[in-house]
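What follows is a set of notes on a single structure, which appears directly below.
Readers should treat all values here as calculations from the given coordinates under stated rules, not as data from a laboratory. What you see is a predicted model; the values in this text were computed from it and never measured. Cβ coordinates were reconstructed from backbone atoms using ideal geometry, including for glycine residues, and neighbour counts include every protein chain displayed.
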Amino acid sequence: MLIPKIVVEKMDQELNTRLICKYVNPEFNRKNKSRPFAERTYLLYPELRGKIQDSMDNEEIYKFVKPSVEQVFIEKELDIDRKIGQLQDSFDIIQKELIANLLNTFELKWPEEYKRITCYIGCISSFPRNVMTKEFFVSYEKDMEILMMASIHEINHFILFEKWKQMHGYHKETEPLYPDTLWFLEEMAVDPTLNLPCIQNIAPFPQKAYEQFYERMIDGISAENHIINIFINRTSIEDFLNTSYDFIDKNKSILL
């Protein structure tokens with residue numbers, strides 16, 4: 001069984017800049033309410049607060065963001081490099097057993113074409129991923145427990161996505177993004193699949209889905225607890241994924 005290697009590297013500064021531009025862009029925040037992107041970014045880059053106006057396009061925003069990101073990469077270079085080494089060392093110890101158990105949970109044979117999963121460390125306020133390229137991005141200023149928890153969260157998305165591909169195929173050119181039903185499934189499956197003893201015994205970082213999934217009620221039960229119950233009562237992992245997908249799709253207006 002192929003076990004992909006987790007590789008930790010420094011984030012490209014230009015990509016870091018573009019992500020910060022997106023997170024403070026008022027239009028993006030109006031369309032995507034899954035997280036408080038702008039507020040989180042202003043906590044990380046307080047000098048940007050009050051400078052981004054509704055009338056600005058992304059290139060205008062870029063002129064304000066670029067110097068702030070450049071300054072961080074200069075001032076925090078040693079901190080970023082140190083965190084890269086620490087996270088790589090932590091994963092080198094557990095990655096084979098962790099990923100093997102995740103693959104067993106999803107009853108998945110990992111595809112041969114993806115021999116590595118890449119984690120990039122920069123200075124970002126939200127942690128994006130690309131399930132198609134098997135890359136995810138985290139921030140140096142978080143402590144190791146949060147970085148490990150967030151990294152395992154993202155790796156779980158990659159494995160779920162590959163299982164879904166094997167079950168149903170996937171023919172779009174871009175990955176599922178909010179508000180795609182498959183995006184919701186990836187996020188809501190985190191709680192039941194990552195809190196299993198076979199995962200927690202290796203990586204004891206209790207996992208939660210986004211808070212709003214526990215707050216939104218459907219038939220008197222939180223949306224997330226519906227997904228947890230579907231997992232508990234599953235007849236197979238395929239049954240869990242298909243039933244959860246249908247439930248989310250039916251109730252998406254409540255989750256948005």
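Just a few scattered comments:
- nm² value of the averaged projected area, convex hull over the Cα atoms of the range 196-247: 4.2
- Three principal axis extents describe the C-alpha atoms of the chain; from largest down they are 53, 42, 33 Å.
- GluC sites (Glu not before Pro), loop per DSSP, at most 10 other Cβ atoms within 10 Å - longest free stretch of the chain: 1-111
- Using C-alpha pairs below 8 Å separated by at least 6 residues, the relative contact order for the range 102-256 is 19 percent.
- Tilt relative to the chain, helix 144-168 - C-alpha long axis, 0 to 90 degrees, to 10: 50
- Using the Cβ-Cβ distance between residue 219 and residue 146 with R0 set to 25 Å, the FRET efficiency works out to roughly 0.15.
- Local net charge near residue 142, Cβ-Cβ under 14 Å (Lys/Arg +1, Asp/Glu -1): -1
- The shape of the range 128-244 can be summarised by an equivalent ellipsoid whose semi-axes, obtained from the alpha carbon gyration tensor, come to 21, 19, 15 Å from longest to shortest.
- For the pair residue 118 and residue 79, a Förster radius of 35 Å applied to the C-beta separation gives a FRET efficiency near 0.95, rounded to the nearest 0.05.
- Measuring spread by the Cα atoms of the range 50-188 yields a radius of gyration and Dmax of 17.5, 50 Å.
- Summing charges over all other residues whose Cβ lies under 10 Å from the Cβ of residue 230, with Lys and Arg as +1 and Asp and Glu as -1, gives -1.
- Two-site label geometry, residue 71 and residue 104: point separation in nm, points 7 Å out along Cα→Cβ: 5.0
- Theoretical gain in end-to-end length, residue 210 to residue 195 [0.36 nm per residue, Cα-Cα removed]: 3.9 nm
- Angle in degrees between helix 58-75 and the longest Cα principal axis of the chain, rounded to the nearest 10: 90
- Selection from 52, 102, 197 lying farthest towards where the dipole of the chain points positive, charges on Cβ: 52
- Summing charges over all other residues whose Cβ lies under 13 Å from the Cβ of residue 39, with Lys and Arg as +1 and Asp and Glu as -1, gives +4.
- For the chain, the longest principal axis of the C-alpha atoms and the axis of helix 13-24 are separated by about 80°.
- Whole-angstrom gap from the range 155-188 to the range 1-78, using each part's C-alpha centre: 24
- Whole-Å semi-axes of the ellipsoid equivalent to the range 1-103 (Cα gyration tensor, √5λ, descending): 33, 18, 11
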